[in-house]
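Everything below concerns the one structure shown next.
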Amino acid sequence: MSSPQTPSGEAAFDPEQFLVVPARTFDDLEVGEVFRAPSRTLTDAHAAAFQTVSADNHPVHYDAEWARRHGHSAPVVHGLQVLAFTAPGATLFPHVIGEVFVRFTELSCTFTGEVHSGDTLYPALTVTALEPAEDGTGVVTTAATVHNQRGELVLSGQHKYLLRR
């Protein structure tokens, strides 16, 4: 099927074809593929904004003296904020899967190290399993990781997504 033409003979603009990357299907994905999010250096402003949104007012997150008295080198960035850096939309993953996404079904994580203002985080999702189902869908499992600027793993987890096949 040919693309519609403009009066000048050029292909007409089609917003359905305006893709960041070519869309793929469940069956095009491969175990071991990595989808990285851009690195981000956290600031006090990021932590304060998350504290406002989450309403988490524990002093470990904003009181430097309280944090030091309790064994922390500085206020600790909220764990849920670190987890948010693994959002699939921060990577190319949702663009790669195009229109086959059904829903985000599950997540889990372990916080393996503290994060402080000034740390730079490097989030990634790695496809670890592809489970096709009989109903024309499939489950993609990814390992979710966040490393800091010292290469230390500060979050390890798993996401699962349901896709149409």
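Okay, here's what the table says:
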quantity: Residues satisfying the stated conditions in region 140-165, i.e. closer than 13 Å to VAL100 by Cβ, open to solvent by 40 Å² or more (accessible area, probe 1.4 Å) and part of a strand (DSSP E or B); calculated: ARG164
quantity: Boolean, LEU29 is touching a strand residue (DSSP E or B) at 6+ places or on another chain (Cβ under 8 Å), more than 20 Å from LEU121 (Cα to Cα), surrounded by 13 or more Cβ atoms within 10 Å (Cβ to Cβ) and at pLDDT 95 or above; calculated: yes
quantity: Filter result for ALA133 (at pLDDT below 95 and in contact with a strand residue (DSSP E or B) (Cβ under 8 Å, 6 or more places away or on another chain)); calculated: yes
quantity: The one condition in (1) closer than 30 Å to THR137 by Cα; (2) in contact with a strand residue (DSSP E or B) (Cβ under 9 Å, 6 or more places away or on another chain); (3) of a type in the set (Val, Ile, Thr) that VAL21 fails to fulfil; calculated: (2)
quantity: Residue under evaluation VAL20, criteria (1) part of a loop (DSSP other than H, G, I, E, B); (2) modelled with pLDDT of 85 or more; (3) open to solvent by less than 90 Å² (accessible area, probe 1.4 Å), criterion not met; calculated: (3)
quantity: Pairs, first within 21 Å of PRO132 (Cβ to Cβ) in region 5-27, second among the charged types (D, E, K, R) and open to solvent by 70 Å² or more (accessible area, probe 1.4 Å), C-beta under 9 Å, six or more apart; calculated: ALA23/GLU99; THR25/ARG164; THR25/ARG165; PHE26/ARG164; PHE26/ARG165; ASP27/ARG165
quantity: Pair list, Cβ under 7 Å, 6 or more apart: region 49-74 residue free of Cβ contacts under 8 Å to residues at least 24 places away in the same chain, other residue open to solvent by 50 Å² or more (accessible area, probe 1.4 Å) and in a helix (DSSP H, G or I); calculated: PRO59/TRP66; VAL60/TRP66
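The values are calculated or read from the model by the stated rules, or taken from the named source; none is laboratory data. Everything numeric here is computed off the predicted structure, so don't read it as measured data. Here the Cβ is made from the backbone with ideal geometry for all residues, glycine too, and neighbour counts use every protein chain on show. Ligands, DNA and RNA are excluded from the accessible area calculation, which covers all protein heavy atoms including side chains. Shrake-Rupley method; radii C 1.70, N 1.55, O 1.52, S 1.80 Å.
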